[in-house]
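The values are calculated or read from the model by the stated rules, or taken from the named source; none is laboratory data. Being a predicted model, the structure only gives us computed values, none of them experimental. Glycine gets a Cβ as well: all are built from the backbone with ideal geometry, and neighbour counts include every protein chain shown. Just the protein is used for accessible areas: all its heavy atoms, side chains included, with ligands, DNA and RNA removed. Shrake-Rupley method; radii C 1.70, N 1.55, O 1.52, S 1.80 Å.
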Amino acid sequence: MAELDDDLHATAESIAADAERLVAIEEEKRALEPGDPRMIELSTESERLAGGLVPKTGAETQLAKEAKSS
């Protein structure tokens, strides 16, 4: 059970860190002019982070179900 708790905690921390970075990127993008070349780089990173959240949250749900049934 301790390993499951550790996995659940680590997954939650990873999701939170990605979400915080995503917010920071979006705030930075809001401050840019539309033609700023950094917009593409930031948008690409934002897209990568957002896409990575779905599998992580799915894994978190599965871990939570396993913890409940243990």
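The C-beta contact set for region 49-70 (first residue polar (S, T, N, Q), second residue surrounded by 14 or more Cβ atoms within 10 Å (Cβ to Cβ) and at pLDDT 95 or above, distance under 9 angstrom, 6+ apart or interchain) comprises Thr57/Thr11; Thr57/Ile15. For region 22-51, a residue qualifies if it is in a loop (DSSP other than H, G, I, E, B) and either surrounded by 10 or more Cβ atoms within 10 Å (Cβ to Cβ) or touching a helix residue (DSSP H, G or I) at 6+ places or on another chain (Cβ under 9 Å) (or both), and the qualifying residues are Leu32, Glu33, Asp36. Just one of the listed residues (Glu60, Glu66) is closer than 17 Å to Leu4 by Cα, open to solvent by less than 90 Å² (accessible area, probe 1.4 Å) and more than 18 Å from the chain's Cα centre (by Cα), and it is Glu66. Checking each residue in region 1-11 for being in contact (Cβ under 8 Å) with a residue 24 or more places away in the chain, under 18 Å from Gly52 (Cβ atoms) and either outside any helix (DSSP H, G or I) or open to solvent by 40 Å² or more (accessible area, probe 1.4 Å) (or both) picks out Asp7, Leu8. Evaluation of Glu66 against the conditions (1) in contact with a helix residue (DSSP H, G or I) (Cβ under 8 Å, 6 or more places away or on another chain); (2) modelled with pLDDT of 95 or more; (3) of a type in the set (Asp, Glu) shows that the sole unmet condition is (2). For first residues located in region 20-37 and touching a residue at least 12 places away in the same chain (Cβ under 8 Å), partners that are in a helix (DSSP H, G or I) and of a type in the set (Val, Ile, Thr) and lie 6+ apart or on another chain with Cβ distances below 6 Å do not occur.
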